[in-house]
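A.B. asks: To start, I am sharing the structure in question, which I have written as structure tokens.
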Amino acid sequence: MTGQLLQFSGSLIAILALAWFARRLGLGGDTRIRNEAHLKELAEEALYGFEPVEIAIDRAGFAALARDAQGRVMLLRRHGSHFASRLLDNHLNVRLDRHLITVGTGEKRFGTITLDLGDQAPAWAASLRRL
């Protein structure tokens, strides 16, 4: 009985130590797009020289759309603890449902993403259909 109690205590201490260590490293955090400045930083990391002049961030902060001065549109979405991005072209599928816009890039690996853009959704959907 004492051996089992020691084994249980040792396992519990090891689990707590690993959880503390993971937290110190910043692993497993809730990664979201915090604000416009964060989105601009993510867009610059994804494509050097891409400077958004018009942006729309999903209400949950999981995804965003950004347009630069040249008219290029970038879709950013959360992928694990990082963000993935694609420049959108004319091979996309756009669907509008009230405040939700669903964008399909045509790439199986990137998938389809639904953004809650609020009142901005109809304007973004219309502009993406013109790409």
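Read-outs: derived from the displayed coordinates by stated rules, not from any lab. These numbers were taken from a predicted model, which means no experiment stands behind them. All Cβ positions, glycine included, derive from the backbone under ideal geometry; neighbour counts span all protein chains shown.
A.B. asks: Would you mind checking the tilt of helix 2-25 against the longest principal axis of the Cα atoms of the chain, expressed as 0 to 90 degrees and rounded to 10?
C.D. replies: 30 degrees
A.B. asks: Going by C-beta contacts inside 10 Å, put MET74, MET1 in order with the fewest on the left. Don't skip to the answer; put the middle values down first.
C.D. replies: Values: MET74 21, MET1 5.
Sorted ascending by nearby Cβ count, the order is MET1, MET74.
A.B. asks: Just want to confirm a number: the relative contact order over the chain, from Cα pairs under 8 angstrom separated by 6+ residues, in percent. List each step's numbers first, then the result.
C.D. replies: Numbers: 181 pairs, mean separation 20.6, N = 131.
Relative contact order here is 16 percent.
A.B. asks: Defining a contact as two alpha carbons under 8 Å apart and six or more residues distant in sequence, what relative contact order in percent does the stretch 45-111 show? Could you put the intermediate results ahead of the total?
C.D. replies: Working: 88 pairs, mean separation 11.8, N = 67.
Rounded, it is 18 percent for the stretch 45-111.
A.B. asks: Select from SER81, ASN35, GLY49 the residue farthest towards the positive end of the dipole of the chain; place +1 on Cβ of Lys and Arg, -1 on Cβ of Asp and Glu, and compute about the Cα centre.
C.D. replies: In the chain, that residue is SER81.
A.B. asks: Let me ask you something else. I'd like the orientation of helix 36-46 relative to the chain: the angle between its Cα long axis and the longest Cα principal axis, in ° from 0 to 90, rounded to 10.
C.D. replies: Between the helix axis and the principal axis of the chain, the angle is about 90 degrees.
A.B. asks: Tabulate in residue order the Karplus-calculated ³J(HN,Hα) for the stretch 53-69, using 6.51 cos²θ - 1.76 cosθ + 1.60 with θ = phi - 60°, rounded to whole Hz; enter x for Gly and Pro.
C.D. replies: Result, rounded to whole Hz: 10, 9, 9, 9, 9, 4, 4, 7, x, 8, 8, 7, 10, 9, 10, 9, 5.
A.B. asks: Give me the orientation-averaged projected area of the Cα convex hull of the stretch 13-76, in nm², one decimal. Please list the in-between numbers first.
C.D. replies: Numbers: hull surface 21.0 nm².
Mean orientational projected area (the stretch 13-76, Cα hull): 5.3 nm².
A.B. asks: Using only the C-alpha atoms of the stretch 1-129, find the volume of their convex hull and express it per residue in Å³. It would help to have the intermediate numbers written out before the result.
C.D. replies: Numbers: hull volume 19.1 nm³, N = 129.
Residue-normalised Cα hull volume stands at 148 Å³.
A.B. asks: If a/c stays under 1.5 just call it rounded; otherwise compare a/b with b/c (prolate if a/b is bigger, oblate if not). Do that for the stretch 75-131, with a ≥ b ≥ c from the square roots of the Cα gyration tensor eigenvalues. The partial results should precede the final answer.
C.D. replies: Details: a/c = 2.06, a/b = 1.32, b/c = 1.56.
Note, shape of the stretch 75-131 comes out oblate.
A.B. asks: Multiply the residue separation of TRP20 and ALA69 by 0.36 nm, subtract the distance between their alpha-carbon atoms, and state the gained length in nm to one decimal.
C.D. replies: Working: separation 49, 0.36 × 49 = 17.64 nm, distance 4.47 nm.
The TRP20-ALA69 span can extend by a further 13.2 nm.
A.B. asks: Can I ask one more? Using the Cα centre as the reference, give the magnitude of the dipole from point charges on the C-beta atoms of the chain (Lys, Arg: +1; Asp, Glu: -1; all else neutral), rounded to the nearest 20 debye. It would help to have the intermediate numbers written out before the result.
C.D. replies: On the way: 17 positive and 14 negative charges, 67 e Å.
Value, rounded to 20: 320 debye.
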